[in-house]
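Okay, so here's the structure we're looking at.
Read-outs throughout are calculated quantities, based only on the coordinates presented, and are distinct from any laboratory measurement. Predicted model, so just to flag it, every value in this text is computed and none were measured. Quick reminder, even Gly has a Cβ in these numbers, built from the backbone with ideal geometry, and neighbours come from all protein chains shown.
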Amino acid sequence: MFDVCVLGLGYIGLPTASIFATKGKQVLGVDVVQSVVDTINAGKIHIEEPDLDILVRAAVQSGNLTAATKPSPANTFIVAVPTPFHHDSEDHAPDLSYVEAATRSLAAVVKPGDLIILESTSPVGTTERMRDWLFDELGPGHNASDYFFAHCPERILPGQMLKELVSNDRIAGGLTEEAAERAKALYETFCSGEILLTDARTAELAKLTENSFRDVNIAFANELSMICDNLNIDVWELIDLSNRHPRVNILRPGPGVGGHCIAVDPWFIVSAAPSQSRLIRTAREVNDSKPQHVINMIREKANRFREPVIACLGLTFKADVDDIRESPALHIVEQVVLQNLGRVLVVEPHTRELPKSLQGKATLIQADEAIRSADIVVLLVDHKPFKRVSRRLLEQRIVIDTRGCWA
Ligand code: SAJ
């Protein structure tokens, strides 16, 4: 019998399972992908995050963490599977199929008294739906009050996950007060932040609110950058000056907003309450329009050359991570290639090979070499090594610095 069974061994599930294991809990990690299970059982990792390899190795070597493709009986189940949206749906409807499949898979192993926690970022009402899916799968003769459901969204920042996993305050939202209390007691095993109790629906909306808040604020910065490009004003200087006001704190413009959280979660609010979420929707649309603005700028510069060489620095969704999911940088490079704007050189220190969509169509090389060969240099991700690029190397080249890395 395990103490904790974590379903989904990705960016959230794996660190969570591992930290419980290093605190002495008997943990089963479950993932539907066999190669992920094999990698973790060998004490290795399949994703990049600072120090995660050390944590996972320690957890597996202690004998407290094992991985499997199917759940087993445990006192607590934590669901940490993806919750994307349907790309083909007009209102960006959430795709809860992974949560539903994980929940239904629990019917074979749960027993009265178990605590079932949803960690995945989810639309309001998902924890209630989990309960309904589980009871549908269990069939008649089971008592809902025998099972405890809570939503405890994670808030950790990729690149700083292990630190934030321990130190962030957390929200524990229960379908009942007892469920929230039990979830709190569990996370206190490793969490030094405060654990705040509420109901599941408020917890679900709180998580969506946090990411929408950031999206709206980034949209303001991105909108300013497009206004500045139109008015020929340096947006970085403008923001530095405006931020000297004691109550103004404008975020950084970029090539768009990416990742699997901020570019996704606001849609869960919009799709649930479309008439009331006009600002949140517009912010999403502003941020989603930014990559096209950058592509237009590249095209405009490229048109000045007969056979332009375009160096694109960075593919990931943000600095100093290896994650290219929903990456505006990758989208921009793909479009530059697709639209034949020039010969494309790609620099990405966090990968050894180009993503499939760029293979055979662009060249992956080092920063200095790329810049030396380029007519146009497009900075898409402000990875640390790019900040050290010699300014002299950039002279004589057209520079499109979407992140203000060299401002
Ligand atoms: N970005 C900008 N300008 C900025 C800040 C960010 O363009 O000033 C861009 C980034 O380049 C990236 C995107 O926004 O493309 C998102 O990056 P991020 O660092 O803001 O956030 P994520 O997606 O890595 O993590 C967020 C965090 N949420 C908040 O800060 C409110 C994290 O705490 C959450 O746990 C995570 O989403 C999640 O899993 O939901």
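Which net charge results when you count Lys and Arg as +1 and Asp and Glu as -1 among the other residues whose beta-carbon is under 13 Å from that of Asp3?
+2
Got a sec? Which residues in the range 72-99 would a label at Ala206 touch, if it sits 7 Å along Cα→Cβ and we count backbone N under 18 Å?
79
Report the antiparallel proportion of the DSSP beta bridges in the range 209-401 as a percent, rounded to a multiple of 5. Working shown, then result.
Numbers: 0 of 15 bridges.
Close to 0 percent.
Excluding Val389 itself, calculate the net charge of residues whose Cβ lies under 12 Å from the Cβ of Val389, where each Lys or Arg counts +1 and each Asp or Glu counts -1.
+2
For the chain, what is the relative contact order in percent, using Cα pairs closer than 8 Å and at least 6 residues apart in sequence?
Computed over the chain, the figure is 11 percent.
Where does helix 52-61 land angle-wise versus the long Cα axis of the chain, in degrees 0 to 90, nearest 10?
30
With a/c under 1.5 counting as rounded, go ahead and sort the range 155-222 into rounded, prolate or oblate using the C-alpha gyration tensor (a ≥ b ≥ c being the square roots of the eigenvalues; past the cut-off, prolate if a/b is larger than b/c, else oblate).
oblate
Hey, if you put +1 on the Cβ of every Lys and Arg and -1 on every Asp and Glu Cβ in the range 209-401, which of Leu380, Gly256, Ile310 ends up farthest toward the positive end of that dipole?
The Cα lying farthest towards the positive end belongs to Ile310.
With only Lys, Arg, Asp and Glu charged, each at its Cβ (+1 for the first two, -1 for the last two), find how big the charge dipole of the chain is about the Cα centre; round to the nearest 20 debye. Working shown, then result.
Numbers: 42 positive and 54 negative charges, 236 e Å.
It comes to approximately 1140 debye.
Rounded to the nearest 0.05, what FRET efficiency is calculated for Asp234 and Ser97 with R0 set to 41 Å and r the Cβ-Cβ distance? Before the final figure, lay out each step's value.
Details: r = 46 Å, r/R0 = 1.12.
So, using R0 = 41 Å, E works out to roughly 0.35.
Between the range 138-154 and the range 251-286, how far is it from one alpha carbon centroid to the other, in angstrom?
31
Amide H to amide H under 5 Å from Ile171: which residues, 5+ apart in sequence or cross-chain, H placed 1.01 Å off N in plane?
For Ile171, the qualifying residues are Leu196.
Out of Ser167, Met297, Val110, whose Cα points farthest toward the positive end of the dipole of the chain (charges: +1 Lys, Arg; -1 Asp, Glu; placed on Cβ)?
My answer, from the dipole projection, is Met297.
Excluding residues fewer than 8 places away in the same chain, name every one of the lysines whose C-alpha is closer than 17 Å to that of Lys25.
The qualifying lysines are Lys184.
Under the rule that an exposed site lies in a DSSP loop and has at most 10 other Cβ atoms within 10 Å, name the longest stretch of the chain with no trypsin sites (Lys or Arg not before Pro) of that kind, not counting the sites themselves.
In the chain, the maximal stretch lacking such sites is 1-243.
Using only the alpha-carbon atoms, how far is helix 126-138 inclined from the longest principal axis of the chain? Give it as 0 to 90 degrees, nearest 10.
Value to nearest ten degrees: 50.
Angle between the Cα long axis of helix 177-187 and the longest principal axis of the chain, 0 to 90 degrees, nearest 10?
Rounded to the nearest ten degrees, it is 60.
Can you give me the C-alpha center-to-center distance between the range 383-407 and the range 58-131, rounded to a whole angstrom?
Using only Cα atoms to place each centre, the spacing works out to 43 Å.
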